[in-house]
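Heads up: the structure comes next, in structure tokens.
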Amino acid sequence: MRTPAGWRRSAFVALAGLLVIVGTACAPDAPQDYINYQKGPIAEEADRLWDVTFAIAVAIFFIVELLLIYTIVRFRARPDREAKQFHGNTKVEVILTVIPALILAGLAVPTVRTIFDLSSEPDDALQIKVTARQFWWEYEYEPEGTEDPLVTANEMHIPVDTPVFLTLEGDDVIHSFWVPLLAGKQDVVPGRTNHMTIEADEPGVYRGQCTEYCGLSHANMRLRVIAHPQDEFDEWRDDQSEAADDPRDALAAEGEELFLEGECINCHAVQGTDAQARTGPDLTHFASRETFAGAMFENTTENLRQWLDDPPAMKPGAKMPDYGLTTQEIDALVAYLQSLE
Ligand code: HEC
Ligand SMILES: [Cu+2]
């Protein structure tokens, strides 16, 4: 038997748990809270489906719980009789099979409609090809028909109020692209081409991440979508489409030489130079990015030095090895990378 104090303690624990859940869900700074915030028509459409499903689930929950409580009380053991036992009831079983089947069939209608609606290609969409790699994202703007497509990494810039049709591919393991405030998830499967549309109706920075376990640094494979008013986006696109700036000073020039003559050129591209590899992120406008390495680290001198010194120490499992660079080499490479605006 529980004592009154025991009951009070349990009630207190339950209440505290509830407050923690409600508090977490309602925290004002919840950049990935897709239940309370949707920032575009795609997310809103998915949210409507969720609202319907959730309302039905809540109704079923209360009906089942009430029936359960009724049964427990009604047929409980009493001083003058044992608890009443039942073994099967065909009528109840038929009802409990037919009702859920009808509910599921009913829910399938809006679900299928939403799925088809969201997976078809909108007219006048901006096209971006997304390639997922361990543990970062590559974006290629309007890949078809463009001779020199604009390629960038991790931070995707888009115009507001414009649907953006993503073509998702990968060639190592399965990843999943998710920007909670803008749309649902889409898996990126090697050997397959998947599509999804995202659209933001407010300028801002939307955080996202890989949501399919893909290796040691899965949790460090984030991304950002930065939505701009159309004119700002056009400006960004023009800047990014240009070849890299020349090194700013002697130290940066030394860095460029190291970059082009050392290991870096085997994996990275800097447009306007001989570096054209795509194994690692395109660095043509690296200095214009606010973060790097899967949007994990702020693009500061200190972080960049640490990265070049030993990438896997900063990001476990990173596919860029530690090249044992000396302090002078790191100084020069940092100066070079920071001149790539
Ligand atoms: C074996 C291929 C390889 C070589 C060689 C290589 N890198 Fe990388 N590099 C990568 C990969 C892969 C990433 C992405 C790592 C991640 O985010 O998980 C990366 C990330 C970076 C980044 C961050 C880019 C961003 O926007 O996220 C910088 C800067 C960078 N490398 C500079 C260099 C420099 C300088 C050299 C030469 C010393 C070099 N890399 C050599 C593969 C390589
Ligand atoms: Cu992952």
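Read-outs throughout are calculated quantities, based only on the coordinates presented, and are distinct from any laboratory measurement. No experiment lies behind these values; they were computed from the predicted model shown. Please note: Cβ atoms are built from the backbone with ideal geometry, for glycine as well, and neighbour counts cover all protein chains shown.
Quick look at the values:
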{"read-out": "Antiparallel content of DSSP bridges confined to the chain, in %, to 5", "value": "70 percent"}
{"read-out": "For the stretch 70-83, Karplus couplings with θ = phi - 60° (6.51, -1.76, 1.60), whole Hz, Gly/Pro x", "value": "4, 5, 4, 6, 5, 10, 5, 5, 10, x, 9, 7, 7, 4"}
{"read-out": "Distance between the stretch 195-241 and the stretch 280-341 - C-alpha centres, whole angstrom", "value": "20 Å"}
{"read-out": "P(r) weight above 16 Å for the stretch 162-220, C-alpha pairs, percent", "value": "47 percent"}
{"read-out": "Overall dimensions of the stretch 153-263 by Cα: Rg and Dmax, Å", "value": "17.3, 48"}
{"read-out": "Residues of the stretch 250-289 with amide N under 19 Å of the 7 Å Cα→Cβ point at Asp239", "value": "270-272, 282-289"}
{"read-out": "Top of Leu168, Leu304, Leu181 by mean-square fluctuation, Gaussian network on the chain, Cα under 10 Å", "value": "Leu304"}
{"read-out": "Calculated [θ] (222 nm, deg cm²/dmol) that DSSP helices of n ≥ 4 give over the chain, each run adding -39,500 (n - 2.57)", "value": "-13500 deg cm²/dmol"}
{"read-out": "Percentage relative contact order, the chain, counting C-alpha pairs under 8 Å, at least six apart", "value": "15 percent"}
{"read-out": "Distance between modelled label sites at His87 and Cys267, nm, 7 Å Cα→Cβ extension", "value": "6.8 nm"}
{"read-out": "Ellipsoid equivalent to the chain - semi-axes via the Cα gyration tensor, in Å", "value": "52, 25, 18"}
{"read-out": "Three-way shape label, the stretch 1-136, alpha-carbon gyration tensor, a/c 1.5", "value": "oblate"}
{"read-out": "Net length gained if the chain between Ile174 and Ala253 were fully extended (0.36 nm per residue, minus Cα distance)", "value": "24.5 nm"}
{"read-out": "Shape category assigned to the stretch 108-203 from the gyration tensor of Cα positions, a/c cut at 1.5", "value": "oblate"}
{"read-out": "Proxy reagent accessibility, fewest Cβ within 10 Å first, across Tyr37, Tyr139", "value": "Tyr37, Tyr139"}
{"read-out": "All lysines inside 22 Å of Lys185 as judged from Cα atoms, apart from same-chain residues fewer than 8 positions distant", "value": "Lys39, Lys129"}
{"read-out": "Length gained when the stretch Ala219-Ala57 is fully extended (0.36 nm per residue, less Cα-Cα span)", "value": "55.2 nm"}
{"read-out": "Gyration tensor verdict on the stretch 250-338 (Cα atoms; rounded if a/c is under 1.5, prolate if a/b is larger than b/c, oblate otherwise)", "value": "rounded"}
